[in-house]
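Written below as structure tokens is the structure these notes are about.
No value in this document is a laboratory result; all are computed from the given coordinates. Only a predicted model underlies this, so the values are computations on that prediction, with no experimental measurement involved. Note: ideal-geometry Cβ built from the backbone for every residue, glycine included; neighbour counts use all protein chains shown.
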Amino acid sequence: MKITTKQITTTAVLLAICIVSQFFKNTSVYITGPVINACLILAVLGGGVACGVILAVITPVTAFFISGSPIMAAIPAIIPCVMIGNILLVLGTGLLYKKIKGNGGLILGMAVGSVVKALFMGIVISMILIPNLIPAAMEAKMGVFQATFSVTQLVTALIGSVYAFIIWIPLKKVVGE
């Protein structure tokens, strides 16, 4: 598979948007999360699944370095799980959009991708990693951490899907979709 200049540029611009948004993560995950998820979806739509996967892998690393999540520092195994969750959103969107052309396929892909991402992260991170690996000093916040990596992931992925859909309507005319 050959990656084009357009794909590299699309991915770079969306990564820049993700990085800027990550500076607001400590303000609210409901600002950063939807922006990141929208960028993941737009990467798929504008550059293909490979571009979405690249962004899905890079963004949890940049988020860790920019916002310094204490739970991710305490349980580093969360980072690859977030990567996988992001990849599931990308694959759900990309595969269903390709299979079912038009807005119906896009909406279904984003919905399925959002749910699968949240389920994966909810089960693996919230139900397995956090309860088994959380340091004693952080146990009082376990419920918050579990909600962040389950329900919050679903909400932010769905909001990001709405953002991506709204942005994609005029954007697809420009990128020649």
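Figures for the structure shown
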read-out: Rg followed by Dmax, in Å, when segment 74-145 is reduced to its Cα trace; value: 15.3, 50
read-out: Residue of L96, L45, L106 that the Gaussian network model of the chain assigns the largest fluctuation, springs spanning Cα pairs under 10 Å; value: L96
read-out: 30 Å Cα-Cα reach of K141 towards lysines, excluding residues that sit fewer than 8 places from it in its own chain; value: K25, K117
read-out: Packing rank of 108-117, 35-44, where each peptide gets the mean count of other beta carbons within 10 Å, highest leading; value: 35-44, 108-117
read-out: Packing-based exposure ordering (other Cβ within 10 Å, fewest first) of Y97, Y30; value: Y30, Y97
read-out: Cα gyration tensor shape for segment 1-104, rounded if a/c is under 1.5, else prolate or oblate; value: prolate
read-out: Relative exposure of I167, I128, I87, judged by other C-beta atoms within 10 Å (fewest first); value: I128, I167, I87
read-out: Folded to 0 to 90 degrees: helix 103-121 orientation relative to the chain principal axis, Cα; value: 20
read-out: Positive-pole candidate from P131, P170, P80, dipole of segment 73-177, charges at beta carbon; value: P170
read-out: The chain - mean residue ellipticity at 222 nm from DSSP helices (-39,500 (n - 2.57) per run, n ≥ 4, rounded to 500); value: -25500 deg cm²/dmol
read-out: C-alpha center-to-center spacing [segment 127-173, segment 45-115] in angstrom; value: 11
read-out: Fewest-first sequence of C18, C51 by Cβ atoms within 10 Å of each Cβ; value: C18, C51
read-out: Rg [Å, one decimal], Dmax [Å, integer] - the chain, C-alpha atoms; value: 15.9, 53
